[in-house]
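The block underneath contains the structure these notes are about, expressed in structure tokens.
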Amino acid sequence: MTHRQGEAATASLERAARALKWAEVLQGAVWWGVISAGSLLALVGLDHWLRLPTALRLPLAVVLLVFIVIGFYRRVWIPWRRPLSAARTARWLEKGQGIGGNVLINAYQFEKHKPKKEQRRFIRPLLNTSRAVLDAVAPQSLWLTAPFKKWLVTLGLLLAVWLVTTVAFPHSMATGVTRIFLPLADVPPVGNWEVEVTPSGRVVMVEGDKLEIRAQVRFRGGKSMRGVTPLLIWKEGTQTIEPAMSAGDRAAMLPTKTEGEFVFAFTAVNRPFSFRVWADDSCSAAVEVAVTALPRLKSSVFEVTPPVYTGLKPYQQPGPPMALSVPLGSTVTAIFDLAPSAAEVTWSDRGEKQHLTKAQDRWRTTMLVNQSRHYEISATTSKQATVRTLAQGDINAVPDQTPEVDFVTEDRNRLANPGATLPLTIRATDDYGVASIALLVARSDDPATVKVIKHWTLVGPPGQKEPAAESYALTLDPSVFTPGSVFLVTAQATDFSPAKQRATSRPILIRVTGLKDLSVPAGDPLEKLFTLLRGVITEQTRANGLTDNVTLHLAEALAAKDLPRHRDVMTAAQKSAQASGKLAMEEAAKRAEAKAFGVKIQMLVNGEMGLALEQIGKITATPKDKLPGQLGALQKRQGYILNELIGLLGQMASDRQDVARNKAGKAAGDSSPPPITTEKALAELQDDVKKFVDDQKRIIQATKSLKELRPEDLTAEQEALLGDLAREEAKNAAFFQEKLTDLSKLPLQDFADGKLVSEVNEVFQEVEKAAASLYEKKIEIAVPREEAGLEKAAELEQNLEKWLPNTPDYTKWVMEEAATQSDVPMAELPKQLEDIIGELLDKEEEMGADVEDVSSTFMDSLDKGAGWGAGDGPMSNMSARGVTGNQLPNNMEVGGRSGEGRSGKSSGQMVEETAEGKGGRETPTRLNSTPFEQGSVDDKSKDTKGGATGGGKLAGEGQEGLRGSLPPPAQQKLRRLAEQQSKLRQQAESLAVQLRKQRRPTGDLETAVNAMKKFEEAAKTQNGIAVYQGYHQALDALAATRTAYRGNRVSRLEMNSTQASAPKDLSDTQAESVPAGYEEMTGAYFRSLSETPASPPAK
């Protein structure tokens, strides 16, 4: 290399070091290029011919890449980054150029250490020698070495091969290099065919969509496509597929009309997959098909709330897509979860769409099912606006079944006399409970005219699904069941559904015996009475006809002024009927068998016919505008009389025929029904007496509005009401007479108690008086002011005897008011009061407005010796010296002072410390001027308390007080009553369910349950009147229920027919005698039963 003049050896070596470094880098780069290009070319060729799989190409590519990087690092990067020192260059030149003696390195070291002057003359020759040696080294010899030339030639050849190959096969070379450097990329190997696929990239589809794949195939050399059929290769659940014919499922593609184009379609893509299209030795790139899953029903449920009338509790059923059957009118809520989530969910049914909202992370919709429907649930995915159907099904609305009702009997064609009683049992069922049962009657020739005889309202909704059985004793009242006619009796049942579905039973045909066909057996003791009663019916029929004729031609009679003549004719006809009736009444009194009939005849003849005659007599004095109403009331009364007579005739015929039949059966040796037992008779009597008490309360309530009226002030309607009440009392009297007769017919037994008979007789007598009192004439006594006198006793000295009246009060005292109020002295009261107490003859329902004394301002201080008769009157007494008579106090205010007497209207001072209760009348609630006093009376009375007077009291309580807000103690009592009533109602409902299961009648019991509910509501709202009404309604219904269960209620006719068909070896155990030797054992058994205590009620 050239040495510069004056340049030191170190500098020359440094320049040589730089040249050597670049030469080393150049030689390493050539070597790296040869190795890299050769290895890559070899690997590309190997892959082209062998089609290396990814599993093999990947490690080979990794090895190649590592080899290239390492070679570059070692042969290029390190030499370039590694510094080359002058000392190393000297050693390299000495070794590489064959320079001996270490000339260059010694020269470098001497110059580096700068020798001293005395050493320089020894070193200078060495330095000159090194310069000469460096000048002798050729520059190209530093890099253009023989090995370098070989690698450079090799590199040139490789580049030539790459250039030629790339120019000749550019697609193959590009594909080969890509496959090597991207071994994991989906780059198919180069084949003879070029395959283009549509779609060519990743496809995202909605589940269930259709996918069509098209492939365009071309031969790279222009060869025809004949004989080549592309194959579609796919594999589910993968993102790519290996480029191999066996990589998955295959299917041949179908050619289209376009040259080289083929197609294949998936009708419904439900799962992701990848595919390739193969044509001979070539294939397309893999295409991934991603599927967006439709929202699916993860969980679903139907919540069903049946309508109230079904009594069913809310329940759940499997939800969509299941079918659902629910009762008509149910509320259905569909609740479901979707996975994955949906952007929008739609519920469709009956052509209507409803967009659902999400609540508590669940989709839900509520509907009222009034008809069957087909539903469909559709959803829109969140990524694509594609609507898909998720589920569909049917919701069936099951309509409520029509109730079923029928009579429990096979005898549907019956012949009965007027007034007879036919026991009927009705059985009704419904799938969700019976709401009501009705007993209907209609004439066979006019079935459209229907009359409701009895109606039962059952508890609900919800109702009881057990069959409902109701019993009713149908009395053939001649006013409804005309003699000689045919009637159809049917039962109707209604359910609780909103449509109130109604069912009608098969009819029972009842033929009522005509009057001409009624008879009693020949030689019967009541044959003459029967004939006389038939004559009364004939006369009464004629009297009724005359009244009907006048009513029909009233305008003509008024125009001709002929009404008095018609009145006389009508009076004569009615008197004739009354006279015939008295003959029958006399005949009935002669016969013990006719005692019950005689009571009824007496009430009709003396009572109803007498009132009818009074009404006839008033016709001419009645204004013309009121005549139609007067005649209508008369027609109603006469019709009642005639119907009662006909019914009485029919009952007589039936009873006497039964007696004759029983006698004939005994004479022939036939087994007859055993006599009714004492226990059954007493049980029936007890129930009937309770019903009688309820009737009396109702009658008393009905007369309250009439007691303040004078007789002349009574309207036609009010007079008719009094007549109706008299009829009811007459029926009650006849009923008790009949019961008395029945009890007297019972067989004698060791434990018979005659006291019951006498008590019934006593009630009969009092009821008979009550009925008669409605027809009595009242007396009014007017007392002028001049005839009134005042005693004004200052001291009470003696007592005179008193006699008490023994007849009811029919006298009305009216005193003229005094001109001035007198100053009455307050007499000193004795330490002990004496009183004469009589038996209370009057009853409150007997008192009318025409016997009530008029309140007076007269007041005196009287000795109880004033007069010897203990009568009533309007004068007030300040001496507290009176007697308690046997008449009911009048319904007018009396003032003064008094010990305990009869309860009634009074204003003043109670001077006695205790009250035992002496009877009297119930006083109404009213305001008076009685001052409030401290202290209280020890009230031991068990009688009904009087009404409030507005002043209040410290002890005792009344039945009805002045209306207003109740005090807290009373409110607490009502709340306790409501709670107790609730417990009783629950027990009654439980009992009704048990009775229904036993298929026993529950109509009256369920009516009582409804009344108990009203009682509870009234008690909660502090409505005392409603509490009182609900209490009595429930009590009446419970009494009716007990009456329905007091026995089997089987008619004698059914008993006869049943026993006639029974085997001869069956008999009543009560009629059998105890076998010999078992008397003591049997007696001990029954004694143990009678001594066993009743079990306590369940808590």
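Some values worked out for this structure:
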read-out	value
Residue selected from region 373-392 under the condition modelled with pLDDT of 90 or more and surrounded by fewer than 16 Cβ atoms within 10 Å (Cβ to Cβ), by the criterion farthest from residue 494 (Cα to Cα)	392
All positions within region 610-636 that are of a type in the set (Val, Ile, Thr) and modelled with pLDDT under 90	619, 620, 622
Residue match in region 946-962 (condition: modelled with pLDDT under 60, closer than 28 Å to residue 700 by Cα and polar (S, T, N, Q))	yes
Test: residue 491 is farther than 25 Å from residue 595 by Cα, in contact (Cβ under 8 Å) with a residue 24 or more places away in the chain and either surrounded by 15 or more Cβ atoms within 10 Å (Cβ to Cβ) or more than 57 Å from the chain's Cα centre (by Cα) (or both)	yes
Residue satisfying all of: in region 427-465; of a type in the set (S, T, N, Q) and outside any strand (DSSP E or B); farthest from the chain's Cα centre (by Cα) among these	444
Test: residue in region 576-595 that is part of a loop (DSSP other than H, G, I, E, B), closer than 28 Å to residue 421 by Cβ and over 57 Å from the mean Cα position of the chain (by Cα)	yes
Qualifying strands (runs of 3 or more DSSP E) (wholly inside region 152-231; at least 3 residues being of a type outside the set (Phe, Trp, Tyr), in contact with a strand residue (DSSP E or B) (Cβ under 9 Å, 6 or more places away or on another chain) and modelled with pLDDT of 90 or more)	193-198, 209-219
Matching option when the condition is in contact with a Ser or Thr (Cβ under 8 Å, 6 or more places away or on another chain), over 19 Å from residue 419 (Cβ atoms) and assigned by TED's automatic domain parsing to the domain that holds residue 536, among 623, 628	628
Residues (more than 30 Å from residue 452 (Cβ to Cβ), not aliphatic (A, V, I, L, M) and not in a loop (DSSP other than H, G, I, E, B)) located in region 491-538	516, 527, 528, 530, 531, 534, 535, 538
Yes/no for residue 469 being surrounded by 16 or more Cβ atoms within 10 Å (Cβ to Cβ), among the small types (Gly, Ala, Ser) and touching a residue at least 24 places away in the same chain (Cβ under 8 Å)	yes
Residue in region 442-465 that is at pLDDT 90 or above, surrounded by 18 or more Cβ atoms within 10 Å (Cβ to Cβ) and over 24 Å from residue 1034 (Cα atoms) present	no
Single residue of 563, 627, 631, 613 found to be of a type outside the set (D, E, K, R) and surrounded by 21 or more Cβ atoms within 10 Å (Cβ to Cβ)	631
Single residue of region 251-304 satisfying the filter (part of a loop (DSSP other than H, G, I, E, B) and within 60 Å of the chain's Cα centre (by Cα)) that is surrounded by the most Cβ atoms within 10 Å (Cβ to Cβ)	295
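The values are calculated or read from the model by the stated rules, or taken from the named source; none is laboratory data. Please read all numbers here as calculations on a predicted model, not as lab measurements. Note: ideal-geometry Cβ built from the backbone for every residue, glycine included; neighbour counts use all protein chains shown.
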